[in-house]
Every structure is written in structure tokens, then in C-alpha cells.
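Each reported figure results from applying straightforward, stated rules to the coordinates on display, with no laboratory input. As the structure is a computational prediction, the values presented were derived from the model and not from experiment. Quick reminder, even Gly has a Cβ in these numbers, built from the backbone with ideal geometry, and neighbours come from all protein chains shown.
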Amino acid sequence: MLQTKTVGGVDLAYYIVCKRKLWLYKKGIGMESESDRVLEGSILHETSYPRLNKKEILIDGAFKIDAIEGEYVREIKLSSKMQESDKMQMLFYLYQLFLRGMKKKGLISYTKEKKTVEVLLTEENKKNIQRAIAEAYQIIDRDTPPPIQKLRYCKSCAYYPFCFSREDDDDDA
């Protein structure tokens, strides 16, 4: 299924992690449904913070946030291994809420580590998120995917078999 051209929070997380993953995802090449890690994250979202009434909130039909808790938007993650992309995703949500007249702070909760990180939408972060959104659109608009880059976390990515299938063939030769 072809994703919408609109850039969202998950898209910006992918933008930080891997430009190729962003392009593939937005072109409708979805590999997440096959991923045990994605399934684990879905279960985590369902079971975390049961006391919160507002969970999985769709804002203006445009993006979904995990939870709102007073002055905070909360995102729930398994681990802090992708902290930079998690922060970018949170900044996107804070920025979108800011554009809608809501001033919130962010909390990213890493449940396995029992760790929470606060994220604030500063003027510098507003500029960073605007730049990232513009660059994400440039990537999505490309006719071909960005080249493969072998990154330290590729093997745990749902897109690994797609990106590196030829490499496995070469190993057998």
C-alpha cells in the first residue's frame, strides 16, 4: 500500500535512522508486519501505562501520539538504542501541536531500561524539525531509493532482507 505523501513522526524517525528505509516505507514497501521487534513494540504500547486514559490519540486525522499526560506528550519505546530518532519523532509531535496552538513538553519512556527522557521544543529544535521535514520530502520525491548504507543496526531492521538479499547471494558464490 502506498503511504501518503504527508510526512509524519514515524517518517522522521526513519529519516534519522536510514534515508533508504524512509523512501521504501513511503513507497508502500512495508516490511514491518514481518518484524518480531515491531510486534514487541505493539504489545508494549497496549500494555504500558494502563492508568492513562488518553492513549493512541489521533490529532486532526494527521498523526497519532502514544499518550497525553497533563502538559506532556508521552512516547513509549522499548529501548534507547535509537534515541536520536525517538527525539526527532517527539519533536515532530511537539511542533505539530505548537502549530495548532498547544504548547506541550515531551517525555520518551524507555520501558525496558526504566528510563524517561524529557524533550523540549526550543527555537533551535523548531528549525531542526523544519529542516528535517523539508529533507524528508526531498527523499520521498526521489524516483529511486537512496543507496544502501551498511549501518550498525541494519541486521535488526525489518528491511534488512530487502536491502541485503543480493549480498547473501554473493556469499554463496
Fill in the blank from the handout: Taking 87-95, 116-124 and ranking on average Cβ neighbours within 10 Å, highest first, one gets 87-95, 116-124
Practice task
Restricting things to alpha carbons, tell me how big the stretch 93-168 is in terms of Rg and Dmax, in Å.
Solution key: 17.3, 51
Exercise for the section: Report the label-to-label distance for Ile29 and Met82 in nanometres (one decimal), using points 7 Å from each Cα along the Cα→Cβ vector. Expected result: 1.7 nm
Practice task
Within 10 Å, count the other beta carbons around each residue, average over each peptide in 9-19, 71-81, and list them highest first.
Solution key: 9-19, 71-81
Practice task
Rounded to the nearest Å, what's the spacing between the alpha carbon centres of the stretch 95-173 and the stretch 9-26? Just the number, please.
Solution key: 5 Å
